[in-house]
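Accompanying notes for the structure given below.
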Amino acid sequence: MPQQHASFCLGEVISIESRDVLERIQGETRLHADLTEDQFRFADCVCHVKNINYFHGGLCLYKLSTYVRNSEQSPFSHEEPVPGIWEEVCLRDSPNSTLPFSFPPANEIYVVTHETRNSQPVVVVKSKEDIEYLVFREYSNRALSELMTEVSLKRTSYGFEKRYSFSGTAHDTVRDWVLQKR
């Protein structure tokens, strides 16, 4: 059975794809369960990952929630579950609204490889310029490097760095922007 490896982590802020994308996915892809009209109402919604489950074969299925304002006049909001179960193909990184720029897809910045160093299996994340940002020992390094490569296709460089807990080019970009603002 394939390893279970989620692109998004529990509690992470993400977005549901646009309605156009969801309709295209529904038409072109065999989903675990068809999307309902209730789910389509949440297109482009910013959500939190509440639960991650794995279907046979390692397919990640997500339960989501969002915050809804109590009323137009109220500054308060409450958490509400987003209906249905969501597959990764229907989800994307949530844009960071506090920054005046967006981040490129991770696969345009990073390459994930598996190697043997000092007789130890490792996974290596490096930039296209061959700068290593993350190296860690992993017994099943080939399988994990393939899964991480799949995640790099789904996430922005910033989301990818958050997912695997390292500071890379996206963090450098944010740092440089903050320093320029001073």
Two-site label geometry, Tyr54 and Asp34: point separation in nm, points 7 Å out along Cα→Cβ:
3.0 nm
Additional length obtainable on full extension of the chain from Phe101 to Cys45, 0.36 nm per residue less Cα span
18.2 nm
Can you report the principal axis dimensions of the stretch 13-93 using only the alpha carbons, biggest first, rounded to whole angstrom?
45, 25, 21
A correct Karplus calculation of ³J(HN,Hα) over the stretch 157-163, with 6.51 cos²θ - 1.76 cosθ + 1.60, θ = phi - 60°, whole Hz and x for Gly and Pro, returns 4, 5, x, 5, 5, 5, 4
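Val111 to Glu132: extension gain in nm, 0.36 nm per residue of separation minus the Cα-Cα distance?
Details: separation 21, 0.36 × 21 = 7.56 nm, distance 0.95 nm.
Between Val111 and Glu132, full extension yields an extra 6.6 nm.
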Points 7 angstrom from Cα along the Cβ direction at Ser77 and Ser165: gap in nanometres?
2.8 nm
Counting lysine pairs in the chain that sit 8 or more positions apart or on different chains, with Cα atoms under 22 Å apart, gives 10
With a cap of 15 neighbouring Cβ atoms within 10 Å, and only residues DSSP puts in a loop, list the GluC sites (Glu not before Pro) found in the stretch 57-111.
Glu72
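Work the Kirkwood hydrodynamic radius out for the chain: mean of 1/r over every pair of different alpha-carbon atoms, inverted, in Å.
Values: mean 1/r = 0.0552 Å⁻¹.
In the chain this quantity evaluates to 18.1 Å.
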The stretch 108-173-the stretch 32-83 distance, computed between alpha-carbon centres (Å):
29 Å
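Every number here is computed from the coordinates shown, using simple stated rules; none is lab data. In this text the structure is predicted, and so the values were computed from the model without any measurement. Every residue, glycine as well, gets a Cβ built from its backbone with ideal geometry; the counts of neighbours run over all protein chains shown.
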